[in-house]
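S.K.: Would you mind keeping the following structure in view while I ask a few things?
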Amino acid sequence: MTGTSEQKTEQAHISDEVLIVKVATGDNQALEVLYHRYSRVVYGLAVRIVNNTEQAEDIVQETFWRVWRRASTFRHGSSQFLPWLFGIARNLCIDELRRRQARPATGKGDDQILLSIPDLQPAVDDVTWDAERRRLIMHALGELPSDQRQVIEMAYFGGLSQREIADQLEHPLGTVKTRIRLALQKLKGALQDQGISLDDR
C-alpha cells in the first residue's frame, strides 16, 4: 500500500465513510489511511479482550484484511464506519476466546469474559425496542460533528477510557474530555426529544 505524500495528505481529511466506499472500489491507499487512523484503537480493544499482545496484533491484521474483503458490504448512508469496524474486531476477539475455551487449560479469565457475552433469547418486544433504540442513537450520533462522534464511538463501541482515547488519537486529555462532554450533552438532548435516555436498558 503505497502512494504519494500528496495523495495521502488529501485522503487523510476524507471521512471514514467515504474512505470505506473507496476501499470497496479497490483503493488500497484509502485502506492505508483507515489503518493508520484506527489500527492502534483496534489493537487496544483486542488487548483488553484477549489479554495477549501477540494475538492482539494478529487480530488487528485480520480485522483490516476483512475490512478490505468486506468493504462492499458496508451500507453507506445508513451505517457508521467505527461501529462496523469494532464489530469485526470484537467478533474476531470472541472467536479467539472461544478457541481457547475449546482447548485444554483454558484460563479462568477467558471463561469470565465469555460468560459476560450475552447468549440469551430475548422477548420479541425487547428485540424490537433495542433495535429502535439503537437506530435512534445511531441517527443522533450521525448528527454530531465528526470529532465528537469519533470519541463517543471509541468510548461506546470500543470500551476505551478517556485516557486511552487521548493516547490512541494523540490528543490532549482535556480536548477529549471536552469533546465527550459536548457530545453527550447533544446526544442526551436529541434523544430526550424522542423519549429515549442513554441509560435506558
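S.K.: Quickly work out the Asp95-to-Thr175 label distance, labels modelled 7 Å from Cα along the C-beta direction, and quote it in nm with one decimal.
M.R.: It works out to 3.5 nm between the two label points.
S.K.: Let me ask you something else. For the pair Ile14 and Gln192, how long in nm is the line joining their label points, each one 7 Å along Cα→Cβ?
M.R.: 4.0
Any read-out appearing in this document is the output of simple, stated calculations on the displayed coordinates, not a laboratory observation. Keep in mind the model is a prediction, meaning the values are calculated, not measured. Cβ sites come from the backbone with ideal geometry, for glycine too, and all protein chains shown count toward neighbours.
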